[in-house]
Amino acid sequence: MRIDLHVHSTASDGSYAPAAVIQAARAGGLHVLALADHDTVGGVAAAQAAGAGALHVIPAIELSTHHAGNELHMLGYYVDPLEAGLLRYSVRASGAREVRMREMLDRLAALNITVSFDDVLVAAGPKPDSIGRPHLARALLQRGYVQSMNEAFDRFIGDDGPAFVPTRLITADQAIEIIHQAGGVAVWAHPRQDRMEAELPRLQESGLDGVECFRPRVPPPDSDRIAATARARGLLVTGGSDWHGEWHGRLGDFFVDRDDVAQFLDVGGI
Ligand code: AMP
Ligand code: MN
Ligand code: MN
Ligand code: MN
């Protein structure tokens, strides 16, 4: 069984619409996929409809939070995409992301780089629920200010870049609460290895359910060690590609096996 528990669509900053993501997942040989867009479940229904009978689609979301002075991403799995609190959060996040995008554009303008909000929308294609930095990176590319998306992050909008503005909407603890209210399990996305063991006890006290352990570019000795740490603490273990489009390779090239994430799948009755 080939499983990918972390994939994005055009509902946030992915390159493909939900149905096209599912098509790519089937072509790539996946059997189970979690659509985990930033701060929205807006793509889940279309993905599930496209997957019906062929591919199991787990409803998911990736919440942008701040924790101990850093950005921390919290995945929510098996959430009810119609739950009121989750939808309320998404509307709030969508508005906050738009305000924050305009702040980043102001910072770029101060550097004599003029990109308009409309340029960002054009770069995004269909209007996403969650406007984000990759859309801005594409706008900078389209306007000729950079030669690649990576250059946009390296020079301007990476976490340490001069035009970066964080989205400080909720704490990790609040994210866990939102996910639980929506009937889901909360999983720490792509934890930084140097922070993980120090932060786990407090996040677990707040109800953290699991840790994303298996990812591309994390070599097996490291991911196995992370998984062992998580299991020793009684946490669920997950894995996913964080695929956003072809610039991340082919969907399905990275996958985890059922054995790697059996307990997590059991929770969802899969
Ligand atoms: P945002 O949620 O708007 O802060 O955007 C974060 C997203 O930008 C991540 O989910 C990635 O898709 C992308 N991203 C962040 N850092 C980089 C980077 N250094 N290079 C390429 N993409 C990045
Ligand atoms: Mn992203
Ligand atoms: Mn993330
Ligand atoms: Mn992600």
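Observations on the model:
- Amide H contacts of Leu63 (H built 1.01 Å from N, in plane; Pro and chain starts excluded): Asp39, Met74, Leu75, Gly76 sit under 5 Å, all sequence-distant by 5 or more or on other chains.
- Note on Arg92 and Glu151: the model spin-label points, each 7 Å out from Cα along the C-beta direction, lie 4.0 nm apart.
- Residues with amide H under 5 Å from that of Leu35, placed H, sequence gap 5 or more: Ile58, Ala60
- Ranking of Ser116, Ser90 by count of other Cβ atoms within 10 Å, fewest first: Ser116, Ser90
- The Cα atoms of region 90-142 give a gyration tensor whose axes a ≥ b ≥ c have a/c of 1.5 or more with a/b no greater than b/c, which makes the shape oblate.
- Applying 1/(1 + (r/R0)^6) with R0 = 25 Å to the Cβ-Cβ distance of Ile270 and Ala19 gives a FRET efficiency near 0.75.
- Taking all Cα pairs closer than 8 Å and separated by 6 or more residues, the relative contact order of the chain comes to 23 percent.
- Candidates Leu169, Leu33, Leu82, ranked by Gaussian network fluctuation over the chain, Cα under 10 Å, top entry: Leu82
- The DSSP beta bridges internal to the chain are antiparallel in roughly 40% of cases.
- From phi via Karplus (6.51, -1.76, 1.60), per-residue ³J(HN,Hα) for region 165-176 in Hz, x at Gly/Pro: 10, x, 9, 9, 9, 9, 8, 4, 4, 5, 4, 4
- Available extension along the chain between Arg217 and Arg195 is 6.1 nm, counting 0.36 nm per residue and deducting the alpha carbon span.
- Converting phi to 3J(HN,Hα) with the Karplus coefficients 6.51, -1.76 and 1.60 and the offset θ = phi - 60°, region 51-65 yields x, 2, x, 10, 8, 7, 10, 8, x, 8, 8, 10, 8, 8, 10 Hz in sequence order, with x at every glycine or proline.
- Look at the Cα gyration tensor of region 163-240: its axes a ≥ b ≥ c give a/c of at least 1.5 with a/b at or below b/c, and that counts as oblate.
- Angle between the chain longest axis and helix 84-110 axis [Cα atoms, degrees, rounded to 10]: 40 degrees
- Förster-model FRET efficiency, 51 Å R0, Glu103 and Ala27, C-beta, rounded to 0.05: 0.85
- Hypothetical label at Arg233: residues of region 181-211 whose amide nitrogen lies under 11 Å (7 Å Cα-Cβ projection): 188, 191-192, 195-211
- Theoretical FRET efficiency, 1/(1+(r/R0)^6), r = Cβ-Cβ of Asp224 and Arg202, R0 35 Å, to 0.05: 0.90
- Computed from backbone phi with θ = phi - 60° and the Karplus coefficients 6.51, -1.76 and 1.60, the 3J(HN,Hα) list for region 116-123 is 9, 4, 4, 4, 5, 5, 4, 5 Hz; x is used for glycine and proline.
- Difference of contour (0.36 nm per residue) and Cα-Cα distance, Leu121 to Ala84: 10.6 nm
- Scanning residues 5 or more positions from Gly161 or on other chains, none has an amide H under 5 Å from its amide H, with H placed 1.01 Å from N in the peptide plane.
Only the coordinates and a few stated rules stand behind these numbers; no lab work does. Predicted model, so just to flag it, every value in this text is computed and none were measured. Cβ sites come from the backbone with ideal geometry, for glycine too, and all protein chains shown count toward neighbours.
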